[in-house]
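*Asks:* Sharing a structure below in structure tokens format, with a few things to ask.
The values are calculated or read from the model by the stated rules, or taken from the named source; none is laboratory data. Just so it is clear, the model here is predicted, and its values are computed rather than measured. Backbone-built Cβ (ideal geometry, glycine too); neighbour counts: all protein chains shown. These area figures cover heavy atoms from the full protein model, side chains too; ligands, DNA and RNA do not enter into them. Shrake-Rupley method; radii C 1.70, N 1.55, O 1.52, S 1.80 Å.
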Amino acid sequence: MKNKKESGKTELLVCCQLFYPELISTGLTLTELCESLSDAGVDIEVLCAPPTIMDRKSDVPETIIYKGITIKRVWSTRFPKLNITGKLTNHITYTLSILLHLIKCPEKPVLVLTNPPLLAPFIALILKIK
């Protein structure tokens, strides 16, 4: 992680569909990892999807700061994950939103989790093209 802000803090962009407040499976593990990195002085920005475990009619803030971590929610569908169609649609819309975001964002180190499963290869392709 070489990129540093003017403040001298190391920057890291994290891409994963699940993150706080969705503290199940990957969301919990990644949230805890980012909390530790933030405590160690890393400037963390997370690009995640809106939570699907919450009431889908509720508005979720697009950007929040949680324990020093900037959490940005990119557009994605919020269908129930209990059926394959909803889950697949959520994966596809999240992946497309992340790819569009990465095309226009400044370069910085990126940590990508395999949630959704094909996110990492698509991000690697976009970063290689950039």
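*Asks:* Quick check: anything in segment 105-116 among the polar types (S, T, N, Q) and either in contact with a His (Cβ under 8 Å, 6 or more places away or on another chain) or closer than 20 Å to Leu13 by Cβ (or both)? Spell out how you get there, then give the answer.
*Replies:* Within segment 105-116, the first condition is being among the polar types (S, T, N, Q), and the residues that meet it are 114-115.
Adding the requirement that they be either in contact with a His (Cβ under 8 Å, 6 or more places away or on another chain) or closer than 20 Å to Leu13 by Cβ (or both) leaves 114-115.
There is at least one residue in segment 105-116 that is among the polar types (S, T, N, Q) and either in contact with a His (Cβ under 8 Å, 6 or more places away or on another chain) or closer than 20 Å to Leu13 by Cβ (or both).
*Asks:* Of the residues Lys81, Lys108, which single one is touching a Leu at 6+ places or on another chain (Cβ under 8 Å) and among the basic types (Lys, Arg)?
*Replies:* Details: Lys81 fails: touching a Leu at 6+ places or on another chain (Cβ under 8 Å).
Unique residue meeting the criteria: Lys108.
*Asks:* Still on this model: Restricting to segment 63-105, and then to whatever is in contact with a Lys or Arg (Cβ under 9 Å, 6 or more places away or on another chain), outside any helix (DSSP H, G or I) and without any contact (Cβ under 8 Å) to a residue 24 or more places away in the chain, can you tell me which residue is nearest to Leu23 (Cα to Cα)?
*Replies:* Selected residue: Ile64.
*Asks:* Would segment 55-69 turn up any residue that is buried (at least 20 other Cβ atoms within 10 Å of the Cβ) and modelled with pLDDT of 90 or more? Can you show your working first?
*Replies:* From segment 55-69, those buried (at least 20 other Cβ atoms within 10 Å of the Cβ) are 69; that's our starting set.
So of that shortlist, the ones also modelled with pLDDT of 90 or more come out as 69.
Taking every residue of segment 55-69 in turn, at least one turns out to be buried (at least 20 other Cβ atoms within 10 Å of the Cβ) and modelled with pLDDT of 90 or more.
*Asks:* Answer with yes or no whether Ser76 is open to solvent by less than 30 Å² (accessible area, probe 1.4 Å), out of contact with any Pro (no Cβ under 9 Å at 6 or more places or on another chain) and not hydrophobic (A, V, I, L, M, F, W, C).
*Replies:* No, not satisfied.
*Asks:* Identify, from the list Leu33, Leu28, the residue that is at pLDDT 75 or above, in a helix (DSSP H, G or I), open to solvent by 40 Å² or more (accessible area, probe 1.4 Å) and closer than 25 Å to Asn83 by Cβ.
*Replies:* Details: Leu33 fails: closer than 25 Å to Asn83 by Cβ.
Result of the check over Leu33, Leu28: Leu28.
*Asks:* What are the residues in segment 82-110 that are in contact with a helix residue (DSSP H, G or I) (Cβ under 7 Å, 6 or more places away or on another chain) and open to solvent by 70 Å² or more (accessible area, probe 1.4 Å), if any?
*Replies:* Pass one, segment 82-110, residues in contact with a helix residue (DSSP H, G or I) (Cβ under 7 Å, 6 or more places away or on another chain): 95, 98-99, 102-103, 110.
Scanning segment 82-110 gives a single hit, Ile103.
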